[in-house]
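Beneath this line is the structure, given in structure tokens, with notes to follow.
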Amino acid sequence: MRQKLRLLKLSRLNLLGQMMKNSGVININKPEGYTSHDVVAKLRRKLGIKRVGHTGTLDPMATGVLPICFGKDTRLIEYYDHDWKTYEAELELGKITDTLDITGEVLEEREVKDITAEDIELLACRYRGTITQIPPKYSALKVNGRPLYKYAREGQEIDIEAKKRQIEIKHFTFKSIDIASKKVSFTVTCSKGTYIRSICSEIGELLGVGATMTRLVRTKSGVFTYEASHDLEKVLEMNKSELDDIIISGESTILNLRKLILRNGSEPFYFNGRTIERKYYMTYEDACDAIKQKEKLVNKWSFDITEDELKFFEDIYRLYNEEGAFLGTCLMKEDGSLKPEKVMGNRN
């Protein structure tokens with residue numbers, strides 16, 4: 001009986017997957033207590049589609065923007081990783097934990113005294129530009145195929161110093177400083193691979209009192225914003241029509257790839273994986289108004305974002321035909337010719 005009910009449930013999920021859009025992106029507001037993989041698993045069951053993935057891992061205690069791709073648009077995930085990401089974080093001074101956040105075991109508590117808001121404000125300049133960061137021992141970064149947190153849980157010592165990396169911080173500012181409550185909050189816009197927990201811990205050490213992260217919200221990831229995100233539980237209750245309304249076309253979200261237009265008749269070069277010489281394509285800026293208008297009619301999604309907010313790829317581009325249809329992505333070689341990267345459009 002249980003097997004029959006399970007098969008009936010799976011058939012209904014598959015039917016939903018067949019009825020709705022077969023690829024796209026959903027901007028999820030990840031709730032606290034869920035891993036990013038938990039969110040993927042729930043949406044995989046909801047959509048009835050196997051190919052589902054997330055962009056930019058959030059720890060269980062973190063909330064906020066978690067773009068979920070499904071269908072062929074899962075192939076675009078690597079482009080999202082390149083995007084700037086913005087977080088709002090809070091730390092508590094005087095408390096040190098093994099995980100560098102409030103979910104961990106408290107290792108030490110220190111007295112917070114002789115510290116002023118001005119002392120804290122002066123630290124902001126340390127978190128701008130390119131900096132070197134050592135990942136927390138409780139993190140998903142893999143060593144010999146295993147995440148660091150598994151070694152930490154087993155009590156094994158790993159040389160995390162060897163895993164230090166350079167990250168970029170575009171913007172950092174303290175939002176509030178309350179010495180009495182020992183709470184400090186800040187906003188940071190940073191590159192992939194930035195550990196906000198580590199920043200919180202380092203601020204505490206620089207002040208000589210220690211600190212641990214108590215709250216983390218991702219408010220922006222590329223074109224995706226917290227204001228436009230959808231609560232997971234509400235999404236799980238949506239019907240087909242409601243789901244279709246929140247599914248975003250994947251190609252419209254990779255604005256960190258500039259556009260190129262393939263000239264009519266040149267599509268076979270691209271779909272057959274051949275190199276495309278410079279004479280067979282044009283830049284979006286050089287395309288005539290008629291071609292640009294066709295592209296706007298076909299691709300209806302738009303986002304309120306400026307070029308300054310995007311972290312552009314230098315050599316990978318979005319490729320369209322003169323009718324405005326998205327074909328996929330391509331790599332521009334040094335001689336100006338194009339090499340197909342991710343072929344996603346329709347050959348017909």
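For the chain, what is the accessible area per residue in Å² when the probe is 1.4 Å? Ligands and nucleic acids excluded, the result is 52 Å² per residue. Extension gain, Ala124 to Thr173, is 17.0 nm, computed as 0.36 nm per intervening residue step minus the present C-alpha separation. Once you have a ≥ b ≥ c as the square roots of the Cα gyration tensor eigenvalues for segment 194-280, tell me rounded if a/c is under 1.5, and otherwise prolate or oblate according to whether a/b is larger than b/c. Note, shape of segment 194-280 comes out oblate. Expressed as a whole percent, the accessible area of segment 220-348 that falls on carbon and sulfur atoms is 45 (1.4 Å probe).
Subtracting the Cα-Cα distance of Lys339 and Leu107 from 0.36 nm times their residue separation leaves 78.2 nm of extension gain. Just need log10 I(q)/I(0) for the chain at q = 0.07 Å⁻¹, Debye formula, equal scatterers on the alpha-carbon atoms, no solvent, rounded to two decimals. Log-scaled intensity ratios, in q order: -0.38. Which stretch or stretches of segment 176-207 have amide N atoms under 12 Å from the point lying 7 Å from Gln166's Cα along the Cα→Cβ direction? Under cut-off, by backbone N: nothing. Neighbours of Val223, meaning other residues whose beta-carbon lies under 10 angstrom from its beta-carbon, give a summed charge of -2 when Lys and Arg score +1 and Asp and Glu score -1. For Ala62, nonlocal amide neighbours, meaning residues 5 or more places apart or on other chains whose placed amide H falls under 5 Å from its own, are Gly33. Applying a threshold of 29 Å to the alpha-carbon distances of Lys21/Lys292; Lys294/Lys342; Lys292/Lys339; Lys42/Lys292 flags Lys42/Lys292 as lying beyond it. Taking each of Lys85/Lys333; Lys85/Lys175; Lys170/Lys296; Lys50/Lys85 in turn, the alpha-carbon distance tops 23 angstrom for Lys85/Lys333; Lys170/Lys296; Lys50/Lys85.
Spin-label model, Ser181/Asn346: points 7 Å from Cα along the beta carbon direction are separated by 5.5 nm.
Taking every DSSP helix (H) stretch of at least 4 residues in the chain, weighting each as -39,500 (n - 2.57) and dividing the sum by the residue count yields a mean residue ellipticity at 222 nm of -6500 deg cm²/dmol. The calculated P(r) of segment 76-116, using every Cα pair and 10 Å bins from 0, goes 22, 30, 25, 17, 5 in percent. Placing one equal scatterer on every Cα of segment 46-115 and applying the Debye formula, the log10 ratio I(q)/I(0) at q = 0.14, 0.17, 0.29 Å⁻¹ is -0.65, -0.79, -1.29.
Would any residue of segment 69-94 have its amide N under 19 Å from a label point 7 Å out along Cα→Cβ of Asp38? List them or say none. 69, by backbone N distance to the label point.
Contact order for the chain, expressed relative to its length and based on alpha carbon pairs under 8 Å spaced 6+ residues apart, stands at 19 percent. Taking only alpha carbon atoms, segment 259-348 gives an Rg to Rh ratio of 0.95, where Rh is the Kirkwood radius.
The values are calculated or read from the model by the stated rules, or taken from the named source; none is laboratory data. Everything numeric in this text was worked out from a predicted model, so none of it was measured. Using ideal geometry, Cβ is built from the backbone for each residue, glycine included, and neighbour counts are taken over all protein chains shown. SASA here: full protein model, heavy atoms, side chains in, ligands and nucleic acids out. Shrake-Rupley method; radii C 1.70, N 1.55, O 1.52, S 1.80 Å.
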